[in-house]
1. At a temperature of 10 °C and a viscosity of 1.306 mPa s, determine how fast the range 35-144 diffuses translationally according to Stokes-Einstein, using the Kirkwood radius over alpha-carbon pairs as Rh; express D in µm²/s, rounded to the nearest whole number.
2. Sort H234, H186 by accessible area with a 1.4 Å probe, largest first.
3. Probe radius 1.4 Å, ligands and nucleic acids left out: which of E106, E244 has the largest accessible area, and how do the rest follow?
4. Can you tell me how much longer the chain between E24 and A132 gets when fully stretched, taken as 0.36 nm per residue apart minus their C-alpha distance, in nm with one decimal?
5. Rounded to the nearest whole Å², what accessible area per residue is found for the range 46-114 with the 1.4 Å probe?
6. At a 1.4 Å probe radius, carbon and sulfur cover how many percent of the accessible area of the chain?
7. Determine, from the Cβ-Cβ distance of E244 and L215 and an R0 of 25 Å, the FRET efficiency 1/(1 + (r/R0)^6), rounded to the nearest 0.05.
8. Measure off 7 Å from each Cα along the Cα-to-Cβ vector at K170 and R48, then give the distance between these two points in nanometres to one decimal.
Amino acid sequence: FEFSGKDAASMDAICGGQVEVLVEWLDPADPQTSQIIQELQAILEQRRTSWLVTIVSDREEITRHALVNQDGEVFGKLPDSLKVESVIATRQSALINFDRQKVLIEPMNVEGTAYIFGAGHVSRSLAEFTRAVGFWTVVLDDRAEYTTPRRFPTADELIVLDAYENILEKIQIDRDSFVVIVTRGHLDDFKVLAQILQSSAGYIGMIGSRRKCELIFEELRKLGFPQADLQRVHAPIGVAIDAETPEEIGISIVAEMIQNRAKLRREQP
């Protein structure tokens, strides 16, 4: 589609240019297509990353698909000259022309999981923002009356804990995990942080004043945690915007999470 200045204006478009649209019918009776769709669904449900590869012939006919997971496993068949390493290295949707074919590579990215410890006022606001910017949002608290769908309608998961103990046995923390510690008290914050520091979480943030955070850090040092571990913690949490209300604090926290998510994506090999 060619969008001239006149065409763009009539559609309330901000800018003109060229747009190429791929309209595709997927045959559910085709075994290979069915397998790829099922594998893609399973990967996304596990909150893992994959790459959907669509191969288009020079006659603009869809010929086949392939799916590559983050472990390099291929479902379907890639073009002979397209290496798995090249697919996994693709960070944004890309259209490649070679061998009289067009190959569309689409990263099916998981935007990270936000684990919010504590179900208070700040958490309620934060959960809305984390969900809005693509985080899979999990709220955890030891109070069942606070951890409800009515209080957290946008949360993907709600987990009621018996206590803030043995957390790493209940959830899976990895580099794509963004942990926010906003429980109702210093002791619970300390318990959660001491456990999360033993994980590979990509982001760890804890609410509180500088004095409160330093007191918790001092207790962690007594337990043998090195300074390098403590430097992983964003505390006080959030971007400095003089936030006061729960909504403002939630915005400052999610802004810092977005910033760190982008940094992690840039650092990926």
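1. 99 µm²/s
2. H186, H234
3. E244, E106
4. Value of the extension gain: 36.0 nm.
5. Per residue, the range 46-114 has an accessible area of 53 Å².
6. Percent of accessible area from carbon and sulfur atoms in the chain: 51.
7. Step by step, r from the Cβ atoms, then E = 0.65.
8. The two pseudo-label positions are separated by 2.6 nm.
The values are calculated or read from the model by the stated rules, or taken from the named source; none is laboratory data. Predicted model, so just to flag it, every value in this text is computed and none were measured. Positions of Cβ are backbone-derived with ideal geometry, glycine not excepted, and every protein chain shown enters the neighbour counts. For accessibility, only protein heavy atoms count, side chains too; no ligands or nucleic acids. Shrake-Rupley method; radii C 1.70, N 1.55, O 1.52, S 1.80 Å.
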